[in-house]
Structures are given as C-alpha cells and as structure tokens.
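Peer 1: Here it is, the structure in full.
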C-alpha cells in the first residue's frame with residue numbers, strides 16, 4: 001500500500017520494544033485510514049455512466065481540500081470529458097485573492113447554465129475559506145480580519161460559518177440560486193460533526209436556517225472586533241440567505257459519500273487486523289481540545305480507544321500549533337507509563353504552523369525526554385505552542401496535504 005506518513009521510520013527509531021510496538025500499530029492504523037478515504041475510493045460507483053448523454057452540458061464544480069482528487073475521480077466515473085471543470089481549492093485557513101478569482105469564474109459559468117444542463121458539485125472540507133466571494137460592499141481584508149478573529153476566539157466551526165454565510169455571494173444556498181435552472185447533483189466529503197449540510201463549506205447548495213442577526217450575536221458573544229463595513233452589512237436586508245422552500249433548491253440533490261463515521265469504521269477494521277480490542281467513542285469528539293483530551297485519557301483503561309470528530313482551540317498565546325497537536329500536548333501530562341496517543345487531521349494539515357504537519361504522537365517517554373531538555377509542558381500549552389514542543393521532541397506526524405478531509409482521528413493504546 002502507498003506510504004502516506006512520510007516520517008514513519010523516524011518516529012520509530014531508537015525506542016524500547018514496547019513503545020515502538022505501540023507506535024508502529026497506531027501509525028499503521030492511521031495510515032490505513034488515510035489510504036482508504038481517497039476521493040477515488042469514496043466516489044467509486046456513485047455516478048451513472050450515461051450522464052454525459054442525458055444533458056446538453058455537464059459542468060463539474062469542485063470545492064475544498066479534496067477538489068482536485070474528487071474532480072479526477074468524477075471524470076473517471078463519468079467515462080468521458082465534461083464541458084468544463086472549475087475549482088475552488090486555494091486559500092486555507094484564510095481566503096486569498098486566488099480564492100476570489102476562482103469563485104468569480106464559477107459564478108460566471110453558473111449564470112450561463114440552462115435547464116438542459118447538469119452541474120456536478122463536489123464539496124469537501126476547507127470549502128468555507130476556499131470558495132470565497134465577498135458581498136459587494138466588503139473586501140477580502142474585511143473577510144480575513146473577521147475570520148481570523150473568530151478562529152482565535154474559540155468559536156465553533158458552525159458559528160464561524162454562520163458569519164461567513166452572511167458576508168458572501170456564494171455561501172448559504174447562494175450557489176444554488178446562481179445555478180438555477182440547471183439540475184444539480186452534489187457529492188460531499190464531510191468534515192463536520194453531525195453532517196449539517198448547511199455548515200459543510202458553509203452550505204453553498206443548502207437552505208440556511210441561520211440569520212444575519214445570528215451572525216451579529218456570534219460576533220458579540222466572542223467580542224470579535226469586526227470591521228465597521230462587516231457590521232453595517234449584517235444590518236442590511238440583502239445580507240440574508242435563501243431559506244427552506246426557495247425555488248432554487250428544487251433541482252438540487254446532495255449525497256454524503258464520507259464522514260467521521262467512515263474514519264472510525266476504517267480504524268476499527270484495521271484494529272481487528274492487529275487483533276486489538278477497540279473501544280470506539282459513540283459520539284464524535286468536540287469542544288475545547290485540551291478539555292476533551294483530558295477526558296479521553298481519564299476514560300481510557302486498556303486496549304485501543306478510537307475517537308473521531310473535530311475539537312477547537314481558544315488561542316490566548318502567541319505560539320504555533322493546531323487542535324490535534326494541542327490535544328496530544330494536553331493529554332501528555334496526564335498519561336501513564338505504557339500509554340501512547342496519536343491525533344491527526346485527515347487533511348494532513350493541523351492548524352497554522354511554520355511547516356505543514358498532520359498532528360502528533362506521544363508517550364510518557366517523550367515527557368521524560370522533554371524534562372531532560374528543560375522543556376516546560378505547561379508553559380508550551382499556555383502559549384498555544386504545541387508545534388514548537390513537538391518539533392523539539394520529535395513527535396510530529398508528517399503526511400503533507402492528503403487531498404481529502406473527513407475530520408480528525410484520535411487513537412490511544414495501552
């Protein structure tokens with residue numbers, strides 16, 4: 001099978017046998033999961049082969065971190081070349097000028113489609129940032145400032161996306177309005193706990209239950225200093241999004257092809273291969289990363305614990321890191337001898353770091369190593385500097401961007 005974890009050999013070097021065995025098993029399970037959640041495997045058999053013949057034009061619109069892989073898999077499934085393929089896969093976690101240019105191309109093509117045409121829309125995690133076109137009176141700077149402050153505030157992804165939807169020309173069901181009267185078939189790789197279609201990529205094809213007033217309340221709740229133009233826009237009627245029952249949703253069909261549960265089931269399958277007794281969390285993990293990590297350590301007793309989901313980090317420090325690295329760092333101080341913990345983002349990119357890492361793996365041997373080097377775990381945690389800590393002790397897991405995104409995978413073994 002394809003090697004995805006680039007530094008696996010390095011993570012296994014110089015360890016005593018029992019620690020090396022646990023690490024090897026956890027890394028194998030994580031790599032197996034990543035190998036099985038490629039867009040090609042998730043889309044296999046999903047599209048009828050005669051779609052190109054049934055419609056005058058077939059356009060593929062691919063949004064998010066898995067856009068390229070999903071589009072390639074879709075073309076393969078179609079068995080022929082579509083009229084046009086458009087991508088929105090640049091700019092994450094914050095949008096860029098390229099994000100806007102890509103969205104503008106999609107909007108122009110969407111407005112040309114007729115009732116005889118088909119739009120295949122491929123949606124994956126990261127789409128909220130990558131598929132960006134600010135409302136007319138707003139600038140990219142306005143969006144970046146607001147989004148950055150929301151991320152740092154500890155707001156949930158649902159709350160961040162409610163604000164994003166009301167500052168956009170394409171989110172919150174607005175893409176569906178632009179594509180009308182074409183037929184729309186959408187395939188979604190979900191990174192959102194609960195699979196709320198109005199939250200995944202900020203719901204470009206889905207009726208929006210939230211309001212502009214909800215967005216304003218979220219900004220006040222987290223004391224976000226949003227630009228004046230953002231606050232003024234949210235007071236205007238045209239900031240509102242299409243709601244349930246709108247005509248633009250009548251010809252839209254959406255299918256989820258992979259989500260958190262897919263990750264958990266695959267991890268459990270690989271655990272059986274290793275003859276491990278696995279406890280799988282029934283509900284996805286959410287909430288503040290360090291609190292959730294402490295709870296998981298307390299509840300783990302023996303064998304293998306598998307958890308999936310997506311936590312958050314409230315940034316009060318100035319360091320680098322991501323929710324997976326902070327999860328492992330917070331747990332490390334509570335772990336016992338004979339325990340090993342791994343946490344990764346299935347997209348291969350955890351937070352905002354100087355170099356891209358998927359997450360981290362740790363055990364109490366690493367804690368001893370940190371103490372020998374004079375590293376204060378509590379200080380790194382307080383400064384939200386999990387990246388620097390794991391760089392110092394060699395705990396990073398490096399995959400590079402995986403081209404897919406189904407949330408996070410946490411494995412703990414003893």
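The values are calculated or read from the model by the stated rules, or taken from the named source; none is laboratory data. Keep in mind it's a predicted model, so treat the numbers as computed, not measured. Positions of Cβ are generated from backbone atoms using ideal geometry, with glycine treated the same way; all protein chains shown enter the neighbour counts.
Peer 1: (1) assigned to a loop (DSSP other than H, G, I, E, B); (2) touching a residue at least 60 places away in the same chain (Cβ under 8 Å); (3) touching a helix residue (DSSP H, G or I) at 6+ places or on another chain (Cβ under 7 Å): which one isn't true of residue 325, the others all being true?
Peer 2: Going through (1) assigned to a loop (DSSP other than H, G, I, E, B); (2) touching a residue at least 60 places away in the same chain (Cβ under 8 Å); (3) touching a helix residue (DSSP H, G or I) at 6+ places or on another chain (Cβ under 7 Å) one by one, residue 325 breaks only (1).
Peer 1: Then there is this: Is there a residue being touching a strand residue (DSSP E or B) at 6+ places or on another chain (Cβ under 7 Å), closer than 25 Å to residue 315 by Cα and in a loop (DSSP other than H, G, I, E, B) anywhere in segment 157-170?
Peer 2: Yes, there is a match, as at least one residue in segment 157-170 is touching a strand residue (DSSP E or B) at 6+ places or on another chain (Cβ under 7 Å), closer than 25 Å to residue 315 by Cα and in a loop (DSSP other than H, G, I, E, B).
Peer 1: From the list 103, 71, which residue is within 20 Å of the chain's Cα centre (by Cα), more than 28 Å from residue 409 (Cβ to Cβ) and modelled with pLDDT of 95 or more?
Peer 2: The match here is 103.
Peer 1: Out of 186, 177, 215, which single residue is touching a strand residue (DSSP E or B) at 6+ places or on another chain (Cβ under 8 Å) and either farther than 30 Å from residue 54 by Cα or not in a loop (DSSP other than H, G, I, E, B) (or both)?
Peer 2: On the way: 177 fails: touching a strand residue (DSSP E or B) at 6+ places or on another chain (Cβ under 8 Å); 215 fails: touching a strand residue (DSSP E or B) at 6+ places or on another chain (Cβ under 8 Å).
From the options 186, 177, 215, the qualifying one is 186.
Peer 1: Now for a separate question. Residue check: is residue 220 over 30 Å from residue 62 (Cα atoms), assigned by TED's automatic domain parsing to the domain that holds residue 330 and assigned to a helix (DSSP H, G or I)?
Peer 2: Taking the combined requirement at face value, the residue does not satisfy it.
Peer 1: Checking the structure you have, find out if any residue of segment 278-296 is surrounded by fewer than 20 Cβ atoms within 10 Å (Cβ to Cβ), closer than 30 Å to residue 118 by Cβ and under 20 Å from the mean Cα position of the chain (by Cα).
Peer 2: Scanning segment 278-296 turns up no residue that is surrounded by fewer than 20 Cβ atoms within 10 Å (Cβ to Cβ), closer than 30 Å to residue 118 by Cβ and under 20 Å from the mean Cα position of the chain (by Cα).
Peer 1: Go through (1) closer than 28 Å to residue 261 by Cβ; (2) surrounded by fewer than 20 Cβ atoms within 10 Å (Cβ to Cβ); (3) in the same structural domain as residue 303 (by TED's automatic domain parsing); (4) in contact with a helix residue (DSSP H, G or I) (Cβ under 8 Å, 6 or more places away or on another chain) for residue 24 and report which single condition fails.
Peer 2: (4)
Peer 1: Just the residues that are on the phi > 0 side of the Ramachandran plot and surrounded by fewer than 16 Cβ atoms within 10 Å (Cβ to Cβ), please, taken from segment 297-317.
Peer 2: 303 - this is the single residue of segment 297-317 that is on the phi > 0 side of the Ramachandran plot and surrounded by fewer than 16 Cβ atoms within 10 Å (Cβ to Cβ).
Peer 1: Also: For the condition surrounded by fewer than 19 Cβ atoms within 10 Å (Cβ to Cβ), in contact with a helix residue (DSSP H, G or I) (Cβ under 6 Å, 6 or more places away or on another chain) and modelled with pLDDT under 95, what is the one hit in 91, 80?
Peer 2: The unique qualifying residue is 80.
Peer 1: Right, something else. For segment 332-359, enumerate the residues that are touching a residue at least 60 places away in the same chain (Cβ under 8 Å) and not in a loop (DSSP other than H, G, I, E, B).
Peer 2: 340, 341, 342, 343, 344, 345, 352
Peer 1: Still on this structure, please answer the following. Limited to segment 46-73, what total is found for residues that are in contact with a helix residue (DSSP H, G or I) (Cβ under 9 Å, 6 or more places away or on another chain), touching a residue at least 60 places away in the same chain (Cβ under 8 Å), within 22 Å of residue 181 (Cβ to Cβ) and in a helix (DSSP H, G or I)?
Peer 2: Of the residues in segment 46-73, 1 are in contact with a helix residue (DSSP H, G or I) (Cβ under 9 Å, 6 or more places away or on another chain), touching a residue at least 60 places away in the same chain (Cβ under 8 Å), within 22 Å of residue 181 (Cβ to Cβ) and in a helix (DSSP H, G or I).
Peer 1: Which of the residues belonging to segment 24-55 are more than 17 Å from the chain's Cα centre (by Cα) and under 18 Å from residue 12 (Cβ atoms)?
Peer 2: Matches in segment 24-55: 24, 25, 26, 27, 28, 29, 31, 32.
Peer 1: Being free of Cβ contacts under 8 Å to residues at least 60 places away in the same chain and over 21 Å from residue 246 (Cα atoms): is that true of residue 197 here? Steps first, answer last, please.
Peer 2: Details: free of Cβ contacts under 8 Å to residues at least 60 places away in the same chain: yes; over 21 Å from residue 246 (Cα atoms): no.
Against the criterion (free of Cβ contacts under 8 Å to residues at least 60 places away in the same chain and over 21 Å from residue 246 (Cα atoms)), residue 197 does not qualify.
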